[in-house]
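Before any comments, here is the structure.
Bear in mind these aren't lab numbers, they're just calculated from the coordinates by the rules spelled out. Since this is a predicted model, take the numbers as computed values, not measurements. A quick note on method: Cβ atoms are made from the backbone with ideal geometry, for glycine too, and the neighbour counts reach across all protein chains shown.
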Amino acid sequence: MILTAIVICEVAFWVAILTGLAARYVLRRSRLGAALLVLAPLIDVILLGLVAIDLLGGGTASWQHGLAAIYIGVSVAYGKRMVAWADVRFRHRFADGPPPERLTGARYTAKCWRDALLTAVAMGIAAAILGAIILLVDDAERTAALSSYFGILGIVLAIDLIWALSYTVWPKQASAARPTTVPGA
């Protein structure tokens, strides 16, 4: 049930964002767009409630419950960034906005470190959710599957830190510009 809820919530999250942006830029209804965008964080609250109801109602925690905690953490930490990412692309496509900027060099490296910080926040939120569930259920046997997720959270954060460090050592270079004329023509 929880895996289905995660999938439904992920789809609903993006439907809320896409319909909100479509209302804002395609239909030119900015208030409706804002109202639809507000639904995205409410979807996380619904998923958290479903996880709590399932476990407090006697369910045994599984990998899906841990995945739900990670999903919620990432959604909360990166939610604003995801909406901004989609907004820039919608504005460019439907409202004659500027094209999305492609970062390179020190600016891309700085973005990687901001992402690492957001990942730390996301994993912290997920760890807090897992810890709260373990404490609320108060049955080590029923929540054993959740304890292994703390290591997974650390691995995810370590990967993002390595990613940022790699771009600190080897900054992302701008792609070579394509020639405007055909050679030999």
For the stretch 2-169, what is the largest minus smallest coordinate of the Cα atoms on each principal axis, given in angstrom and ordered from greatest to least? 56, 44, 18
Divide by every residue of the chain the summed helix terms, -39500 (n - 2.57) for each DSSP H run of at least 4, and state the resulting mean residue ellipticity at 222 nm, rounded to the nearest 500 deg cm²/dmol. -27000 deg cm²/dmol
D for the stretch 1-79, whole µm²/s, Stokes-Einstein with Kirkwood Rh over alpha-carbon pairs at 37 °C and 0.692 mPa s: what number? 248 µm²/s
Rh (Kirkwood, all Cα-Cα pairs) for the stretch 98-144, Å, reads 13.4 Å
A correct fewest-to-most ranking of Y167, Y71, Y149 by other Cβ atoms within 10 Å would be Y167, Y149, Y71
Inter-label distance for L32 and F150, nm, one decimal - labels placed 7 Å from Cα along Cα-to-Cβ: 4.9 nm
Using a Förster radius of 30 Å, what is the FRET efficiency between E10 and K111 based on their Cβ-Cβ separation? Nearest 0.05, please. 0.80
Exposure proxy order (Cβ contacts within 10 Å, fewest to most) of L18, L135: L135, L18
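Between F94 and I159, what is the FRET efficiency for a Förster distance of 45 Å, r being their Cβ-Cβ separation, to the nearest 0.05?
Values: r = 35 Å, r/R0 = 0.78.
Calculated transfer efficiency: 0.80.
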The chain: relative contact order as a whole-number percent, Cα under 8 Å and 6+ apart: 24 percent
Tell me which trypsin sites (Lys or Arg not before Pro) from the stretch 37-145 have a DSSP coil assignment and no more than 10 other beta carbons within 10 Å of their own. R102
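Taking neighbour counts of Cβ atoms within 10 Å as a proxy for exposure, in what order, fewest first, do M82, M1 appear?
M1, M82
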Quick check: pseudo-label points 7 Å beyond the Cα along Cα→Cβ at S166 and A86, how many nm apart are they? 2.8 nm
Tell me which trypsin sites (Lys or Arg not before Pro) from the stretch 10-68 have a DSSP coil assignment and no more than 12 other beta carbons within 10 Å of their own. R28
Along the positive direction of the dipole of the stretch 57-182 (beta-carbon charges: Lys, Arg +1; Asp, Glu -1; about the Cα centre), which of S62, I133, V83 reaches farthest? V83
